[in-house]
Amino acid sequence: MASLQLIRESSEAVERQSQSPRSPEAKLGMKVEDLWDVQEPQLSPSEKLNACFENIPVSAFPASSSRVIEIKSDTTLAEAVKILGENKILSAPVVNVDAPEDATWMDRYIGIVEVAGIVVWILQQSEPPSPRSANSGTSAALAVNGLTNAAGVGILGPEDAQATSGDFFEDLTSSEYYKNTKVRDISGSFRWAPFLALQKSNSFLTMLLLLSKYKMKSIPIVDLGDGKIDNIITQSAVIHMLSECAGLHWFESWGAKTVSELGLPLVSRDQIIKVYEDEPVLQAFKLMRKLRIGGVPVMGGDGKKPIGNISLRDVQFLLNAPEIYHEFRSITAKNFLLAVRSYLKDHEEDTPIVSGMITCKGSDNIKDLIMKLDTKQIHRLYVVDESGNLEGVITLRDVISRLVHEPRGYFGDFFDGVLPLPANSRV
């Protein structure tokens with residue numbers, strides 16, 4: 001009898017061990033599970049999730065395995081792009097080198113710099129100079145002389161794709177603008193973002209709402225003690241956390257809902273911002289900058305089926321590998337995809353742009369969607385019909401927005417303490 005009891009206890013121990021969290025993210029999911037079980041039974045599943053996340057501080061979110069990447073304000077644009085590329089990130093907080101050692105975090109950081117902001121700024125500075133300009137004969141100026149409105153709000157035509165052929169981007173990256181301009185010099189321009197951070201005591205619900213409804217792509221978590229960033233939580237990190245919660249009751253219950261049941265996609269076929277394969281690739285990045293979106297599908301000749309996706313992260317290939325466009329007479333969206341895919345295959349790198357279009361259907365459940373987003377490390381999925389025709393797009397932000405909702409008056413005067421935009425900001 002005693003041995004039977006021992007076997008039973010041993011079996012239960014093994015079962016508990018097999019069910020133990022596989023990662024820090026799964027441990028976080030277990031906290032939600034525990035809170036879920038004690039919520040008032042009359043609450044709806046949505047209200048339960050809100051209550052769970054409101055009771056978990058953002059300090060509980062697992063820190064990145066790598067250190068927080070910061071860029072000093074006196075770093076050149078060329079160096080900044082290199083740092084961002086090597087660390088495979090799109091943006092980083094900028095540290096004010098003139099701030100005193102004992103500066104508060106609000107004085108220590110001057111904003112967030114993004115790769116896209118640097119690219120657009122360079123294109124703007126490289127617009128054709130006045131005929132009276134002493135530099136009107138520079139290769140960079142000549143390269144963009146046929147560019148009608150690269151960084152403006154107009155529509156680019158076929159002549160613009162031809163204008164960006166050959167050595168166009170090499171001329172830009174060898175220009176004095178690129179090599180000598182400091183990150184602080186572009187403060188307040190284009191995609192320069194104000195520094196909105198959370199304290200460790202802020203709730204998970206606050207963080208999730210900022211990443212979804214308020215469209216923030218990443219949120220720094222600051223340590224008030226030393227005035228420095230302790231962690232940066234991104235939309236991708238939240239999706240990874242959710243993927244690690246597979247098997248937990250609260251996640252399986254929510255994750256079983258289909259894309260259509262959750263009201264996705266939010267952006268339908270007629271609303272999708274897209275480019276066509278014969279359009280200049282700069283049109284794609286210009287649309288992303290102007291409309292503050294993270295990617296656009298490249299449509300084939302029939303205008304119904306997408307042949308690829310160009311995302312904000314791909315803008316790095318305009319500056320980090322300009323030599324790959326030499327053989328193209330014009331850099332259209334299609335040629336850009338071909339050039340970058342060839343370059344990455346030669347360097348044995350597996351990234352979303354190499355994988356091609358990654359799609360889903362309206363009948364897929366949200367759990368499968370999350371697993372695909374996390375496994376493929378992508379920021380959006382395109383919804384297609386049975387024939388492969390484009391029906392809509394679902395982003396990381398869309399998924400997070402279906403996890404929580406904002407209670408009435410939740411933020412109160414929260415945004416009153418946010419740093420104001422830098423002077424002349426166009427964000």
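Readers should treat all values here as calculations from the given coordinates under stated rules, not as data from a laboratory. Keep in mind the model is a prediction, meaning the values are calculated, not measured.
Miscellaneous remarks
- Segment 213-228 - phi-based ³J(HN,Hα) in whole Hz, Karplus 6.51/-1.76/1.60, Gly and Pro as x: 4, 9, 6, 7, 7, 8, 10, x, 10, 9, 9, 5, x, 9, x, 10
- Cross-link table 27/217; 217/257; 182/228; 48/376; 27/361; 88/304, entries beyond 28 Å C-alpha to C-alpha: 48/376; 27/361; 88/304
- Residues whose placed amide H lies under 5 Å from that of residue 391, excluding near-sequence neighbours: 383, 384, 385
- Under the Karplus curve 6.51 cos²θ - 1.76 cosθ + 1.60, θ = phi - 60°, whole-Hz ³J(HN,Hα) for segment 381-387, x wherever Gly or Pro sits: 10, 9, 8, 10, 8, 5, 8
- For residue 309, distant residues with modelled amide H under 5 Å away: 298
- Stretchable slack from residue 182 to residue 389, in nm (0.36 nm times residue separation minus alpha-carbon distance): 70.0 nm
- Unit Cα scatterers, Debye sum, segment 254-401: log10 I(q)/I(0) for q = 0.13, 0.15, 0.17 Å⁻¹: -0.58, -0.76, -0.96
- Anchor residue 215: lysines whose Cα lies under 18 Å away (excluding residues fewer than 8 positions away in-chain): 290
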